[in-house]
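What follows is a set of notes on a single structure, which appears directly below.
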Protein chains: 2
Amino acid sequence: MTTVHAVGIDVGGTKAYGVALDAGLNRIGELRLPTPNDPDGLVDVLARIAEHLGGDGPVGLGVPGLVRRDGVLVSAPNVAGLRQSPIRELLAERLGREVRIDNDNTLAAVAEWQVGAGRGVQEMVLVGLGTGIGGGYISGGQIRRGTNGFAGEFGHMVVDPTGPECPCGRHGCWERFASGSGLAYLARLAAVKGQLRGVLQAVGHIDAIRGEHVRTAAGDGDAESLAVIDTFARWMALGLMNLTNALDPELIVISGGLSDDPELFLPPIERHFRHAVFAGEDRTLPRIAFAELGPSAGAIGAALLSLGY
Amino acid sequence: MTTVHAVGIDVGGTKAYGVALDAGLNRIGELRLPTPNDPDGLVDVLARIAEHLGGDGPVGLGVPGLVRRDGVLVSAPNVAGLRQSPIRELLAERLGREVRIDNDNTLAAVAEWQVGAGRGVQEMVLVGLGTGIGGGYISGGQIRRGTNGFAGEFGHMVVDPTGPECPCGRHGCWERFASGSGLAYLARLAAVKGQLRGVLQAVGHIDAIRGEHVRTAAGDGDAESLAVIDTFARWMALGLMNLTNALDPELIVISGGLSDDPELFLPPIERHFRHAVFAGEDRTLPRIAFAELGPSAGAIGAALLSLGY
């Protein structure tokens, strides 16, 4: 039997997913369980996953929230069981093992950088698309966490102050346009304007339009759906340009829910991006790549965190 | 006579300003001369400044443009004499001394971090306000230049795609609102809307309104001018928030043309900023400080560059 070298668990809003890696960082075990919405239930589930995966070293934990550099979780709007709970201490006590915790997208960035699309890169930005947009970045060959540990919250970059309201209280954050819910917003906006007729007819009413509907119809060649994908790609490129002007990365990795369909999304994003970077004609542009580790990136990054990244 | 330890020259659009520092990094000499708009004339002037300041080590050069990490200047829209000219090699040949070159705002960040407002800080962002907005940032106690050397071009972060056109070709770059020319734009916009009547009456016509007019009138307590300063502060805070969400700095240093009037600008910027950061109630916010080195920061940074920063 192969020895468990590292264990990491990614705590999502609906599922908690754990992986065990061997010394070669190959996945040798995994377990996915629903995320309970109370702290006690959550600790139970995380302990069950860790015990199932084995090992006796530290356990890495990725969470969708702001994690201070000292490991204190200060905000996790989408996971009720994490709110105001010292989850790291509770789990460590329960397991009798050290628990290390960090932001899920920061850990996805570590994973893609170490064993995914960003191997060998010194300057990398990861943009994680989900309901919102999270992120992480590597500079000088080191993960950058900022002063408090909150670096990489790219989704709340305001790109249009007259845009739709964001749950964070402001208007026109990048994630209102360029995330999974952003795609749905842009699709409904198109339908309100009388476009996207095929999708609307199939779905029944505007409220019911989701990103998947547009993706499926665009994949079938529906012109109005492709136009929505193009608008989405323009917003993606706008944010990627802002990050490029600030950070000048060698590589941008797009991860999360939309990264399983690079054929649909990557060409229009690249086209808009080339036209959008300051002094674009005078400089080498960063490469844009889709994540290689898929939805496992957060858990693999959490396992790497348990090793000290 | 004190020995010259380091020499740096900041090449601006209208003036080139050089400083000599002693081993304690105190300024022991300076010279300011007009910037010629041809490469030969510019090399002459830079050589005269360097020779006047003395020393025999490397000379540091700060320029308003994109400088590659290998020292090649790839873009300098505002200095005709720098365009397409290998200024570093020409000056090195002329002086028989090594010449090191970097972006002026990157060097201002180095200077403020080493001997100015950012002493002792590990995570710092500098935002340099001039006609546009440049910048630089420190992370993990190191200046970050990005892959090519172009990191810190915060001014071309798009914050409103329906905003005014930028010379870069896009619309609504941050520097259209939050720079020196941004203040003038916001003032003219207010005048077009029938506000800013006192200033308009004094100046004569809308085209002639400049940032200084609003600053002076606001300093005298003119309510409509103070309202323009408040709008300006809101745009400043919006961009500073975007940078904070991405980089999570400990300190933001505002340098350049407006930084000589912190009493007017800092309180409204801080007020808007507190309301604008994601999860602002759950986190320690970065301090915002105005630069300590004034317009000398670029030249002092260039002198530090000559020492190897």
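The values are calculated or read from the model by the stated rules, or taken from the named source; none is laboratory data. Given the structure is predicted, the values throughout are model-derived calculations rather than measurements. Ideal geometry is used to build each Cβ from the backbone, glycine not excepted, and the neighbour counts take in all protein chains shown. The accessibility values were calculated without ligands, DNA or RNA, using every heavy atom of the protein model including side chains. Shrake-Rupley method; radii C 1.70, N 1.55, O 1.52, S 1.80 Å.
Remarks
- Here the condition is being on the phi < 0 side of the Ramachandran plot, open to solvent by less than 20 Å² (accessible area, probe 1.4 Å) and in contact (Cβ under 8 Å) with a residue 40 or more places away in the chain; of A:Leu53, A:Leu90, it holds for A:Leu53 alone.
- Within the stretch A:144-179, being assigned to a helix (DSSP H, G or I) and open to solvent by 30 Å² or more (accessible area, probe 1.4 Å) holds for one residue alone: A:Arg176.
- The stretch A:110-135, subset open to solvent by less than 10 Å² (accessible area, probe 1.4 Å) and part of a loop (DSSP other than H, G, I, E, B), residue farthest from the other protein chains (Cβ to nearest Cβ): A:Gly116
- Within the stretch B:173-186, the residues that satisfy the criterion of being more than 27 Å from A:Phe232 (Cα to Cα) and either facing chain A (nearest Cβ under 9 Å) or in contact with a Ser or Thr (Cβ under 8 Å, 6 or more places away or on another chain) (or both) are B:Ser179, B:Gly180, B:Ser181, B:Leu186.
- In the stretch B:12-45, residue nearest to B:Arg100 (Cα to Cα) [restricted to those that are within 20 Å of the chain's Cα centre (by Cα) and part of a loop (DSSP other than H, G, I, E, B)]: B:Gly12
- Residues located in the stretch A:170-193, provided they are farther than 24 Å from A:Glu263 by Cβ and touching a helix residue (DSSP H, G or I) at 6+ places or on another chain (Cβ under 9 Å): A:Arg170, A:Cys173, A:Arg176, A:Arg188, A:Leu189, A:Ala191, A:Val192
- Residue check: B:Asp260 meets all listed conditions (1) more than 9 Å from every other protein chain (Cβ to nearest Cβ); (2) of a type outside the set (S, T, N, Q); (3) open to solvent by less than 10 Å² (accessible area, probe 1.4 Å) but one, namely (3).
- Count - residues of the stretch B:64-87 that are touching a strand residue (DSSP E or B) at 6+ places or on another chain (Cβ under 9 Å) and more than 14 Å from chain A (Cβ to nearest Cβ): 6
- Within the stretch B:200-222, the residues that satisfy the criterion of being out of contact with any Lys or Arg (no Cβ under 9 Å at 6 or more places or on another chain), open to solvent by less than 40 Å² (accessible area, probe 1.4 Å) and modelled with pLDDT of 95 or more are B:Ala208, B:Val214, B:Ala217, B:Ala218.
- Residue within the stretch B:210-226 that is away from chain A (no Cβ under 14 Å) and within 17 Å of the chain's Cα centre (by Cα) present: yes
- Count - residues of the stretch A:71-109 that are of a type in the set (Ser, Thr, Tyr) and in a strand (DSSP E or B): 1
- Considering each residue of the stretch B:136-143 in turn, at least one proves to be open to solvent by less than 10 Å² (accessible area, probe 1.4 Å) and at the interface with another protein chain (Cβ under 10 Å from one of its Cβ atoms).
- The set of residues in the stretch B:157-172 being within 8 Å of chain A (Cβ to nearest Cβ), in contact (Cβ under 8 Å) with a residue 24 or more places away in the chain and under 18 Å from the mean Cα position of the chain (by Cα) consists of B:Met157 alone.
- Evaluation of A:Ile229 against (1) touching a strand residue (DSSP E or B) at 6+ places or on another chain (Cβ under 6 Å); (2) more than 14 Å from chain B (Cβ to nearest Cβ); (3) of a type in the set (Val, Ile, Thr) (one fails), failing number: (1)
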